[in-house]
Amino acid sequence: VFFEQNSAEIDSRFSPLLDLLAERLVENPDVEFVVNGYFDSRTETDSVLASERAVNLMNALVRRAPSAADRISLGDTDPARKRVDRESQFEQYQLWIDEENRCAEITVVMPEIRFDIDRESLTDREANAIADKMAPYLVDNPFAVAVVRCSETGIELSEALDCAFNLKSQLENHFPENVRNRILASSSNLVPEGKSEFVLSGEGILYRPKEIHSALSFVPEVLAECEIKNRVKTDLKIAQWSIVLADRTGRSLWDIVSGKGDPPAKISWDWRDPEGGLLPFGKRFTLCLEVEDELGQKSKACSSKEIGTDVTRLEERTDRLLLVQFVFDAPAAQSQYLQDRLEDVARHIIERGSLPDVTLDAELQGHTDEIGGERRNIELSEERAVAVERRLRAYMQTILSLPDSASLDRWMTENNVTVVSKGYADTDPYTLDLWRGGKLEKVVVGKNGLPEGRNINRRVLVVIHETRGKESENE
């Protein structure tokens, strides 16, 4: 959260962000927030401001999540620490840098669970012991992930990832099936040479993008309605009810319809979310009926059958995903969590690219904010994109069990897949396509006039364009 000069007041534009973070904190009972405040020593002289900023942010979170108040505390970092430790000879650039140093930040803290693993001799007994310690946290905290990281020092990146995937395969079967998708394989040069670790991380609470459930910008010619049949057996009167769309774990996403008294026997639904967008294609959900009787007792029952929408004729489709955010004027990632998500992107490209009659082009797009000269920003955006492309290719090579980069090139040629990188400097601020009031709008998130906008613009996006060639008669 950023502040005006000599002010500790939180601007209302941060309210949606704080609402979301408070909601996630409540959903993850083993997570703590530690809040630190900072002042800009170049333009502000009172370090008390830093403390006031931290206290105000902490109180704003407590108001939104009173049940989690005991898990929100103040930190003790140096209040004069600079988020952007740089000075510029250009006045506008310096004003922007100063803005970013007037802030308060949240750090996510989870129980310290870390295992140093011998990659050569992990036994079933050891794997069981690790799972027994870590699995309960994954079950209870839906934003937590467990990450296997092998050292990159002294070996090729693909070798480090191969090590991580091997250890992951030995560990994941000892965990409950419903949390295995949150066990990630990764690598790092911060892990000592020749070593491997298995760690619990809650960074996703801060960095996981808010879920967008709509199939954006798609309007079908014909869409069959979903008919929902309900039946409630009870001797008490029903006071109110709601039919809820839930994910595969039973977590409620939103109310489809609700009412008072007995629910109708049948309800028709048009597959749209509250904003008018369609469900995302290919994902699976479940329907739940929640009721409350006249005594205030609540019950919930979910269908055993999953539902979803699929595309039966597809000519073109484009997906965009924010992959990595970067620190100022560097190709280093802000968060290990975002970088670890590359495994999912690699699997998506492989899965879609392996389909018959599909051409898939993935572009890793590097971007910067407006601070700095054009030449430096072009160079920096290219460095960022190339770094992520290199890591993505290593993931693909490892998942496909290919011996080298040349083999991956051949696989991509045979499957009509391309992966390239390109730097865009500051020419393309971050935008999102969102359904609002039944209409699709392009919303600029990366406003360079705001410090949080410049922060999100230091990024790499993957843009995946998929084209299906000939259509079969059965489609």
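Within region 77-86, can one find any residue that is in contact (Cβ under 8 Å) with a residue 40 or more places away in the chain and within 25 Å of the chain's Cα centre (by Cα)? Steps first, please.
Kept after step one, since they are in contact (Cβ under 8 Å) with a residue 40 or more places away in the chain, are these residues of region 77-86: 77, 79-84, 86.
Pick out the ones that are also within 25 Å of the chain's Cα centre (by Cα) and you get 83-84.
Yes, the conditions are met somewhere in region 77-86.
Taken over region 84-104, the criterion of being part of a helix (DSSP H, G or I) and surrounded by 14 or more Cβ atoms within 10 Å (Cβ to Cβ) is satisfied by Tyr93, Gln94, Trp96, Ile97, Asp98, Glu99, Glu100, Asn101.
Of all residues in region 433-444, which are modelled with pLDDT of 75 or more and out of contact with any Asp or Glu (no Cβ under 8 Å at 6 or more places or on another chain)? Don't jump to the end; show me each part of the working.
Of region 433-444, the ones modelled with pLDDT of 75 or more are 442-444.
Answer for region 433-444, where residues must be modelled with pLDDT of 75 or more and out of contact with any Asp or Glu (no Cβ under 8 Å at 6 or more places or on another chain): just Val444.
Can Ile205 be described as at pLDDT 80 or above and in a strand (DSSP E or B)? For Ile205, the condition - at pLDDT 80 or above and in a strand (DSSP E or B) - is not met.
Screening region 105-127 for residues that are in a strand (DSSP E or B) and over 22 Å from the mean Cα position of the chain (by Cα) and picking the one that is nearest to Val84 (Cα to Cα) gives Arg114.
For region 50-83, taking the residues that are more than 20 Å from Val26 (Cα to Cα) and among the hydroxyl-bearing types (Ser, Thr, Tyr), the one that is surrounded by the fewest Cβ atoms within 10 Å (Cβ to Cβ) is identified as Thr77. Filtered by the rule that a residue be free of Cβ contacts under 8 Å to residues at least 60 places away in the same chain and part of a strand (DSSP E or B), region 128-151 gives Ala146, Val148, Arg149, Cys150, Ser151. Of the residues in region 176-196, how many are under 15 Å from Leu157 (Cβ atoms) and surrounded by fewer than 19 Cβ atoms within 10 Å (Cβ to Cβ)? The number of residues fulfilling the criteria is 4.
A Cβ distance below 7 Å, combined with a sequence gap of six or more or placement on separate chains, defines the contacts here; from region 1-25, residues that are within 22 Å of Gly202 (Cα to Cα) and of a type outside the set (Val, Ile, Thr) reach residues that are at pLDDT below 95 and surrounded by fewer than 20 Cβ atoms within 10 Å (Cβ to Cβ) in the pairs Leu20/Lys210. Look at (1) surrounded by 21 or more Cβ atoms within 10 Å (Cβ to Cβ); (2) not in a helix (DSSP H, G or I) and you find that Gly372 fails only one, number (1).
Of all residues in region 26-46, those satisfying the criterion of being in a loop (DSSP other than H, G, I, E, B) and touching a residue at least 40 places away in the same chain (Cβ under 8 Å) are Asn28, Pro29, Asp30, Val31, Tyr38, Phe39, Asp40, Ser41, Arg42, Thr43, Glu44, Asp46.
The values are calculated or read from the model by the stated rules, or taken from the named source; none is laboratory data. Source: prediction; values computed, not measured. Glycine also receives a Cβ, built like all others from the backbone with ideal geometry; neighbour counts cover every protein chain displayed.
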